[in-house]
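The next block holds one structure in the form of structure tokens; read it before the comments.
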Amino acid sequence: RITFLGLRESDNESAAAELGLEDLVRFADPLPHAESVARQAAADILLLIKHDDPRYRDLIPGKFYEYAAAGPPILAMTPAGELESLMAEHDLGWTCRLDAEAVARGLAAALDAVAAGNRQWRPAPAEFTRTAQAASMGALFDELCPQAARGGDPR
């Protein structure tokens, strides 16, 4: 089963119904953040879909970092790019393109791994934590604004 949590688009629910997938694809309203995170941690696979639109080409969805911290492997349906590279670099699960054949292969690989007991539970990469990201951003600001970092006037 696939459960989509959060804001709902009726087109998605209609499409699932038209395909006869109501027993497999479910839609649920938004949950409190703590409950959403608990559900992510309990999932066998986390599904991340990144749109193939030029406006989002270099964007890493915030949900990626939340999923990376949750622990279960991720199946990322994504165009080529940075998200795919991060998935491979940190061995976070599987990636596939946004076409039917690629999705079928990616989903089959993920489901086969879960069925075989190869649930790739892993700790979140340390550099993805909010603390590490804030420290990295602070270091970047210090580098770009050295006078301000020393307590001087940044202008």
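The values are calculated or read from the model by the stated rules, or taken from the named source; none is laboratory data. The model shown is predicted, which means the values in this text are computed figures rather than measured ones. No Cβ is skipped: glycine too gets one built from the backbone with ideal geometry, and neighbour counts run over all protein chains shown. All accessible areas refer to the heavy atoms of the entire protein, side chains included, with ligands and DNA or RNA removed. Shrake-Rupley method; radii C 1.70, N 1.55, O 1.52, S 1.80 Å.
Among the numbered criteria (1) at pLDDT 90 or above; (2) among the aromatic types (Phe, Trp, Tyr); (3) within 20 Å of Leu7 (Cα to Cα), which single criterion is violated by Tyr65?
Just one mismatch for Tyr65, condition (1).
Scan the stretch 96-140 residue by residue and report those that are touching a helix residue (DSSP H, G or I) at 6+ places or on another chain (Cβ under 7 Å) and modelled with pLDDT of 85 or more.
The answer is Cys96, and nothing else.
Identify all residues within the stretch 61-72 that are in contact with a Leu (Cβ under 6 Å, 6 or more places away or on another chain) and not in a helix (DSSP H, G or I); write none if there are none.
Residue satisfying the conditions is Pro72 alone.
Of all residues in the stretch 1-23 being in a loop (DSSP other than H, G, I, E, B) and small (Gly, Ala, Ser), which is least open to solvent (accessible area, probe 1.4 Å)?
The selected residue is Gly6.
Within the stretch 24-40, can one find any residue that is among the small types (Gly, Ala, Ser) and either open to solvent by 80 Å² or more (accessible area, probe 1.4 Å) or more than 18 Å from Ile2 (Cα to Cα) (or both)? Before you say what the answer is, go through the steps one by one.
First, the residues of the stretch 24-40 that are among the small types (Gly, Ala, Ser): 28, 34, 36, 38.
Okay, now just the ones that are also either open to solvent by 80 Å² or more (accessible area, probe 1.4 Å) or more than 18 Å from Ile2 (Cα to Cα) (or both), so 34.
Yes, because at least one residue in the stretch 24-40 is among the small types (Gly, Ala, Ser) and either open to solvent by 80 Å² or more (accessible area, probe 1.4 Å) or more than 18 Å from Ile2 (Cα to Cα) (or both).
Name every residue in the stretch 20-37 that is under 15 Å from the mean Cα position of the chain (by Cα) and aliphatic (A, V, I, L, M), in order of residue number.
Val37
All but one of (1) outside any loop (DSSP other than H, G, I, E, B); (2) open to solvent by 40 Å² or more (accessible area, probe 1.4 Å); (3) out of contact with any Phe, Trp or Tyr (no Cβ under 7 Å at 6 or more places or on another chain) hold for Asp91; state the number of the condition that does not hold.
(1)
Pick out the one residue from Leu86, Leu48, Leu75 that is open to solvent by less than 50 Å² (accessible area, probe 1.4 Å), in a strand (DSSP E or B) and closer than 19 Å to Glu127 by Cβ.
Unique residue meeting the criteria: Leu48.
Residue by residue, here is whether (1) open to solvent by 40 Å² or more (accessible area, probe 1.4 Å); (2) closer than 24 Å to Arg55 by Cα; (3) assigned to a loop (DSSP other than H, G, I, E, B) holds:
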site	(1), (2), (3)
Pro79	no, yes, yes
Ala104	yes, no, no
Asp112	yes, no, no
Glu127	yes, no, no
Gln133	yes, yes, no
Met137	yes, yes, no
Phe141	yes, no, no
